[in-house]
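Colleague: Below you'll find the structure I mean.
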Amino acid sequence: MASAHSRMKCGEFRTNYQQDTTIFPTPLARRVAVLSVIFLLVAPSFLNPYFLNLGIQIGYYGIAALGLNIVVGFTGQISLGHAAFFGFGAFASAWLNNTTGIPVFFCIPLAGTMTMALGLIVGIPAGRIKGLYLAIATLASQYILEDFFSRADWFTGGAYGAMANPFSIFGFEFNNDQRYFYVVLFYVVIMFLFGTNLLRSRDGRAFVAVRDHYLSAEIMGINLTKYRILSFGISSFYAGIGGALFGHYLGFVSAEGFTIMLSIQFLGMVIIGGLGSVMGSLMGTAFMVLLPELMEAGVGLVGHNAPGLTHALAYIKEMSIGLAIILFLIFEPDGLAHRWKMIKAYWKLYPFSY
Amino acid sequence: MNYELLTQLLVNGVIVGTLYGVVAMCFVLIYKSTQIVNFAQGEFLLIGAWTCWALLVKFELPFYLGFPITLVFMVIFGIVLQMVVLRPMIGEPIISVIMVTIGLSMFFQSLMSWMFGGYAKSFPKVFETESIQILGLQVQTAYIMSLVSSVVIMIAFYYFFKHSKMGLAMRATAFDQQVAQSLGISVKRVFAASWAISALVSAMAGVVVGMVNGVSSALSFFGIKVFPVVILGGLDSIIGAIVGGLIIGVLENLAEFFDSQWLHLGNMYTIAPFYALVIILMIKPYGLFGTKDIERI
């Protein structure tokens, strides 16, 4: 059957390495991906600014979430300090642009590289410790970096924050949501392609080996220290890019925005999306960005009957995030990506789903 | 050099340190018997303190009634939490367990802020005199009470684990779950009991801190400060928790002293324990009293 190749299969039927390392499992999946990018290219012309804003948020948070997924989902290390890297990227890009006058266009990748360097340094403990101890070490680095942001006036502007210029190419400024959407989209496509390809490479497979059984991985010649620190570096690069996009979008970076709360939200995105799934990172981010908006809409609907709810909106948003993380871990620990697979398998096998 | 300030800060350090020790003991108790890292330890303090506050201020109960009711509530709360949320997590990877407790912490912290507001509220006065003079030092009565109650809790812990049946069962479970089970110890009940005790004792600490500083969401920061303490003392050592608590308590006050005298960086009080934490993890990751686990293939 010729058409059999174009359909998604329900199990693992791969028989050779080539099939195992394709970017898209079926031609259909590739077409859907290309079509959705084309759709997003024309989307700014008819979407209203509210949805554009949400789309941009999903974009830059999604890049950072993918970075966290590389370290948590693929390498099996725990990082509780991702927000600090995200913030460092935002400050680094603004600082580079303001002090040296390098165009924003180059500042964003440079900020990513700077954050990567920081991540490699902070990741050094990761070479020695793992699991719970690493979680606590990264927690400490989160607080230390947060403290650094609030006192390093030369770098972050201290309590006043830093201004970030809008993104521009040859004098053309991407200063509104419609234009900036394309910048974020460009980076999302590049970073997600890079992420998918990373996992097809030797390094990506080494990450997964370290996660699945680090002792066996070491016996097979994988340098544990190197790959653990490397995965921290790559994840920080992603966080830096995401942070830089965030900074140039808002135009202003304040030290208060990168607390442990944001780190937890990043972890929530990764867990809700699915640990070890590239597209899951994006799904989880979309969920995490849309959930507070849904809460706001829900409270708005019943708000006139219960004015107390409107005042407590900030708390309700936080509670819903915490609750979503707990419920997902209890009922769907493999995340949205897994659920999506199950739904596809259900329709494929319908009506004989056993 | 200002010796008077130094001694004052050292005394503060010891008092805060014993409180850290108590909270760290609760943390270690849960970790030892159920292998769960509880990021929501600070919220136990918070919930306990707010419950007691509500009973004393909103319902105007006297302290000798309100406080026991709080403790009973916390025991039930701990057991229910363990049964509903933590039991399904047995056997899950460590990241899931950590995230569940982080989720709990986030949930309860915002729930408490919603119910009681974001500002600090003070307990009704328990003592007549504000502060007393000991060896020429001005010490607040509430601090003395906190020191005394911490020491009492520590002694109670010692007796519980050395001489009570449940305490022995818990130690056996921590040592080897399967052997304990084969000797007729209900591991389920031990898990529930360790959460209940942890919640109860944390709530006591929460009420004590609430009386000194007022109740606010800042209480939950104790749950974060506990990490430097337990890493220093060793994750699975009760003695380590007490020693670590004292050291970290003194350390942060010393950092405050050096900062105010010479460095003038600011905020060292909060950050110094985390620098210590990173250094300890690099040199001696299993802490002062922790057992080093050896992995076999």
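Colleague: State the number of residues belonging to the stretch A:11-68 that are part of a helix (DSSP H, G or I) and within 30 Å of A:PHE167 (Cα to Cα).
Modeller: The number of residues fulfilling the criteria is 34.
Colleague: Give, as residue ranges, the helices (runs of 4 or more DSSP H) completely inside the stretch A:260-354 that count at least 2 residues that are of a type outside the set (Asp, Glu), touching a residue at least 24 places away in the same chain (Cβ under 8 Å) and over 27 Å from A:ARG211 (Cα atoms).
Modeller: Of the helices (runs of 4 or more DSSP H) lying wholly inside the stretch A:260-354, those with at least 2 residues that are of a type outside the set (Asp, Glu), touching a residue at least 24 places away in the same chain (Cβ under 8 Å) and over 27 Å from A:ARG211 (Cα atoms) span A:278-302, A:313-331, A:335-349.
Colleague: Only one of A:ALA297, A:ALA314 is within 14 Å of another protein chain (Cβ to nearest Cβ) and surrounded by fewer than 16 Cβ atoms within 10 Å (Cβ to Cβ); which?
Modeller: Only one candidate passes the filter, namely A:ALA314.
Colleague: In the stretch A:261-278, which residue that is among the polar types (S, T, N, Q) and over 16 Å from B:ILE224 (Cβ atoms) is nearest to the other protein chains (Cβ to nearest Cβ)?
Modeller: Step by step, filter the stretch A:261-278, then rank; the result is A:GLN265.
Colleague: For A:VAL253, which of the numbered conditions (1) buried (at least 24 other Cβ atoms within 10 Å of the Cβ); (2) within 16 Å of the chain's Cα centre (by Cα); (3) of a type in the set (A, V, I, L, M, F, W, C) fails to hold?
Modeller: (2)
Colleague: Out of the residues in the stretch A:150-183 that are open to solvent by less than 40 Å² (accessible area, probe 1.4 Å) and touching a strand residue (DSSP E or B) at 6+ places or on another chain (Cβ under 7 Å), which is nearest to the other protein chains (Cβ to nearest Cβ)?
Modeller: Across the stretch A:150-183, the extreme among qualifying residues is A:THR156.
Colleague: Kindly indicate whether A:ALA244 is more than 14 Å from chain B (Cβ to nearest Cβ) and open to solvent by 10 Å² or more (accessible area, probe 1.4 Å).
Modeller: Answer is no for this residue.
Colleague: Only residues in the stretch A:11-32 that are in contact (Cβ under 8 Å) with a residue 24 or more places away in the chain count as the first member; pair them with residues that are of a type outside the set (S, T, N, Q), Cβ under 8 angstrom, at least 6 apart or cross-chain, and list the lot.
Modeller: A:THR21/A:ARG200; A:ILE23/A:ARG30; A:ILE23/A:LEU193; A:ILE23/A:ARG200
Colleague: If you take the residues of the stretch A:115-149 that are of a type in the set (Phe, Trp, Tyr) and in contact (Cβ under 8 Å) with a residue 60 or more places away in the chain, which of them is most open to solvent (accessible area, probe 1.4 Å)?
Modeller: A:TYR143
Colleague: When residues of the stretch B:70-100 are filtered for being more than 7 Å from chain A (Cβ to nearest Cβ) and under 16 Å from A:LEU134 (Cβ atoms), how many remain?
Modeller: Number satisfying all stated conditions: 2.
Colleague: From the residues in the stretch B:244-271 that are charged (D, E, K, R) and within 27 Å of B:TYR119 (Cα to Cα), which one is least open to solvent (accessible area, probe 1.4 Å)?
Modeller: By that ranking, first place goes to B:GLU252.
Colleague: Can you tell which of B:PHE191, B:PHE175 is surrounded by 17 or more Cβ atoms within 10 Å (Cβ to Cβ), more than 15 Å from B:GLU43 (Cα to Cα) and aromatic (Phe, Trp, Tyr)?
Modeller: On inspection, the qualifying residue turns out to be B:PHE191.
Colleague: Of the numbered conditions (1) at negative phi; (2) over 18 Å from the mean Cα position of the chain (by Cα); (3) within 13 Å of chain A (Cβ to nearest Cβ), B:ASN267 satisfies every one except a single condition; which is it?
Modeller: Unmet condition: (1).
Colleague: Continuing with this model, one more query. Which residue out of A:GLY112, A:GLY127, A:GLY123, A:GLY131 is closer than 18 Å to A:ARG211 by Cβ and touching a Phe, Trp or Tyr at 6+ places or on another chain (Cβ under 7 Å)?
Modeller: Unique residue meeting the criteria: A:GLY123.
Colleague: Exactly one of (1) in contact with a Gly (Cβ under 8 Å, 6 or more places away or on another chain); (2) farther than 25 Å from B:THR270 by Cα is unmet by B:GLY167. Its number?
Modeller: For B:GLY167, the exception is condition (1).
Colleague: Same structure again: Between a residue in the stretch A:42-64 that is closer than 19 Å to A:THR285 by Cα and any residue that is of a type in the set (S, T, N, Q), which pairs come within a Cβ distance under 6 Å, given they are 6 or more apart or on different chains?
Modeller: These pairs meet every condition: A:ILE58/A:THR285; A:TYR61/A:THR285; A:GLY62/A:THR285.
Colleague: Name the pairs whose Cβ atoms lie under 9 Å apart, with the first residue in the stretch A:169-196 and more than 18 Å from A:CYS107 (Cβ to Cβ), the second surrounded by fewer than 13 Cβ atoms within 10 Å (Cβ to Cβ) and among the hydroxyl-bearing types (Ser, Thr, Tyr), and 6 or more positions between them or separate chains?
Modeller: Taking only residues 6 or more apart or on different chains, the pairs are A:GLN178/A:SER45.
Colleague: Still on this structure, please answer the following. In the stretch B:1-14, which residues are in contact (Cβ under 8 Å) with a residue 60 or more places away in the chain and surrounded by fewer than 23 Cβ atoms within 10 Å (Cβ to Cβ)?
Modeller: Of everything in the stretch B:1-14, those that are in contact (Cβ under 8 Å) with a residue 60 or more places away in the chain and surrounded by fewer than 23 Cβ atoms within 10 Å (Cβ to Cβ) turn out to be B:MET1, B:ASN2, B:LEU5, B:LEU6, B:THR7, B:GLN8, B:LEU9, B:LEU10, B:VAL11, B:ASN12, B:VAL14.
Colleague: From (1) closer than 20 Å to B:LEU9 by Cα; (2) more than 11 Å from chain A (Cβ to nearest Cβ); (3) surrounded by 23 or more Cβ atoms within 10 Å (Cβ to Cβ), pick out the condition that doesn't hold for B:PHE274.
Modeller: (2)
Colleague: So which residues in the stretch A:214-232 are in a helix (DSSP H, G or I) and open to solvent by less than 40 Å² (accessible area, probe 1.4 Å), if there are any at all?
Modeller: Once the filter is applied, which keeps residues that are in a helix (DSSP H, G or I) and open to solvent by less than 40 Å² (accessible area, probe 1.4 Å), the stretch A:214-232 yields A:LEU215, A:ALA217, A:LEU224, A:TYR227, A:ARG228, A:ILE229, A:SER231, A:PHE232.
Colleague: B:LEU281 is checked against (1) farther than 30 Å from B:THR70 by Cβ; (2) away from chain A (no Cβ under 12 Å) and fails just one. What number does that condition carry?
Modeller: For B:LEU281, the exception is condition (2).
Colleague: Tally the residues that are in contact (Cβ under 8 Å) with a residue 12 or more places away in the chain, open to solvent by 10 Å² or more (accessible area, probe 1.4 Å) and at the interface with chain A (Cβ under 7 Å from one of its Cβ atoms), restricting the search to the stretch B:103-114.
Modeller: 1
Colleague: Could you pull out the residue among A:MET319, A:MET279, A:MET269 that is in contact with a Phe, Trp or Tyr (Cβ under 9 Å, 6 or more places away or on another chain), farther than 23 Å from A:GLU146 by Cα and modelled with pLDDT of 90 or more?
Modeller: A:MET319
Colleague: For residues that are assigned to a helix (DSSP H, G or I) and touching a Gly at 6+ places or on another chain (Cβ under 9 Å), scanning just the stretch B:58-76, find the one that is most open to solvent (accessible area, probe 1.4 Å).
Modeller: B:PHE73
Colleague: Among the listed residues A:ILE325, A:ILE330, identify the single one that is farther than 30 Å from A:ILE144 by Cα and either surrounded by 18 or more Cβ atoms within 10 Å (Cβ to Cβ) or at the interface with chain B (Cβ under 9 Å from one of its Cβ atoms) (or both).
Modeller: Matching residue, one of A:ILE325, A:ILE330: A:ILE330.
Residue-by-condition table, conditions (1) open to solvent by 30 Å² or more (accessible area, probe 1.4 Å); (2) of a type in the set (A, V, I, L, M); (3) touching a Lys or Arg at 6+ places or on another chain (Cβ under 9 Å); (4) modelled with pLDDT under 90:
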residue	(1), (2), (3), (4)
B:VAL209	no, yes, no, yes
B:LEU219	no, yes, no, yes
B:ILE242	yes, yes, no, no
B:LEU281	no, yes, yes, yes
B:LYS292	yes, no, no, yes
B:ARG296	yes, no, no, yes
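The values are calculated or read from the model by the stated rules, or taken from the named source; none is laboratory data. Nothing here was measured: the structure is a model prediction, and the numbers come from that model. Cβ: placed from backbone, ideal geometry, glycine included. Neighbour counts: every protein chain shown. To get the accessible areas, we keep the full protein, side chains included, count just its heavy atoms, and leave off ligands, DNA and RNA. Shrake-Rupley method; radii C 1.70, N 1.55, O 1.52, S 1.80 Å.
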